[in-house]
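The values are calculated or read from the model by the stated rules, or taken from the named source; none is laboratory data. All figures in this text were calculated on a predicted structure; none of them were measured in a lab. We place every Cβ from the backbone using ideal geometry, glycine too, and count neighbours over all the protein chains shown. Accessible surface areas use protein heavy atoms only, side chains included; no ligands, DNA or RNA. Shrake-Rupley method; radii C 1.70, N 1.55, O 1.52, S 1.80 Å.
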Amino acid sequence: MSDGQYADRDRSFALAQRAQELMRDYGPSATPRAYAVWYTYVSGDRPLMNDAIKRLTAQSAGLSPMDIDELYDTYLDGSRYAAAAGETGATMLAEIEGVMEMLDLSLGSAAQYGESLRALSLDLSVSTLNRARLREIVATLVATTREVASNNRTLEARMRESRTEVESLREKLEATRIESLTDPLTGLANRKHFEEMLQMALDGAARGAQPSLIVLDIDFFKRFNDLYGHLIGDQVLRLVAVVMRESVEKGAMLARFGGEEFGILLPNATRETARAIAEKVRISVMGRELMKRSTGESLGKVTISLGVATYRRGDNPVSLLERADLCMFAAKRSGRNRTLDDATTAELAAAVA
């Protein structure tokens, strides 16, 4: 074993040991998923996942099994969608292969028909043909033509079936792609898709655009879950998602990061515009009354706290998200149900203090 291999092995052992320590300190149980999450955390391979873990551990003493599952599904597990896409892709390839075989047969039939026509043409060029031979040639020509026409009808029908099948498979692939990018509860973009779009927005900043990011968090969300159960908690999440769709114009990316935290990415908006949109969402959420569907009982109002950050030269996805998060936490600590932005660092620091 070379020195480099020894070094890689020692680093792997060190990472594994640190992952086990964190799993013991911050988690209720040692599961393969928990180990994968913490090993990835200490390796630093998923900086945005690390950022999410820091936010979660800042709010509580550890990570719950639900937190671990959400982190694993969001950042580490793409196998379900990859398997679905692979299965559909394999079916599509098999269908295309079948079509190609039919085309080969059709081409062979056409070539054979051409040869038959050439042979009959040579026979017809002979001036001494008698009536019986002429009838024989015509009969052969008619039979051959009928056979080719029949083959063509069969091919046409099979091609129509294949077209329908390929279109269905294409729709399945598109559905799988959309599912892999969507939060199933709210229908908004999931964390993975949001991060991709955030990187694209920052790439756009290099071409003169000015991205702004709004991060919002539901106030006292745990209380809704504790008092009324997770079904009501899910209803609260859906309510916020609906208001976001109604309040934000097309062109923005709406996402649920996980838990009760949401994001609105504006690819090209000033701080003032972003803050106005944030306030529109906040006021609209506050104006809705949460109702228990089974009884019609009023469960009160829902409020949210929002943070707004606008692109600064040198920003990357993590730094922009961290600044928006900082603004959102400052809004919570300064009374909740409000919006703060990153316009003045001193004011923000005072609000957090």
Are any residues in the stretch 41-68 part of a loop (DSSP other than H, G, I, E, B), more than 23 Å from the chain's Cα centre (by Cα) and free of Cβ contacts under 8 Å to residues at least 24 places away in the same chain, and if so, which ones?
SER60
Any residue in the stretch 243-265 that's closer than 17 Å to ARG288 by Cβ: show its pairings with residues that are charged (D, E, K, R) and part of a strand (DSSP E or B) at Cβ separation under 9 Å, as long as the two are six or more apart or on different chains.
GLU260/ASP217; PHE262/ASP217; PHE262/ARG256
Could you tell me how many of the residues in the stretch 256-272 are of a type in the set (A, V, I, L, M, F, W, C) and part of a helix (DSSP H, G or I)?
0
Of ARG312, ARG275, ARG323, the only residue that is surrounded by fewer than 16 Cβ atoms within 10 Å (Cβ to Cβ) and outside any strand (DSSP E or B) is ARG312
Give me a count of the residues in the stretch 280-309 that are out of contact with any Lys or Arg (no Cβ under 9 Å at 6 or more places or on another chain), open to solvent by less than 70 Å² (accessible area, probe 1.4 Å) and at pLDDT 95 or above.
2
Within the stretch 210-230, tally of residues that are free of Cβ contacts under 8 Å to residues at least 40 places away in the same chain and in contact with a helix residue (DSSP H, G or I) (Cβ under 6 Å, 6 or more places away or on another chain):
1
Residue satisfying all of: in the stretch 166-209; open to solvent by 70 Å² or more (accessible area, probe 1.4 Å) and touching a helix residue (DSSP H, G or I) at 6+ places or on another chain (Cβ under 9 Å); modelled with the highest pLDDT among these
GLN199
I'd like the full set of residues that are under 21 Å from VAL243 (Cβ atoms), open to solvent by less than 30 Å² (accessible area, probe 1.4 Å) and free of Cβ contacts under 8 Å to residues at least 60 places away in the same chain, limited to the stretch 326-348.
ALA331
Restricting the stretch 55-72 to residues that are surrounded by fewer than 17 Cβ atoms within 10 Å (Cβ to Cβ) and either in contact with a strand residue (DSSP E or B) (Cβ under 8 Å, 6 or more places away or on another chain) or over 17 Å from GLU260 (Cβ atoms) (or both), the one modelled with the lowest pLDDT turns out to be ALA61
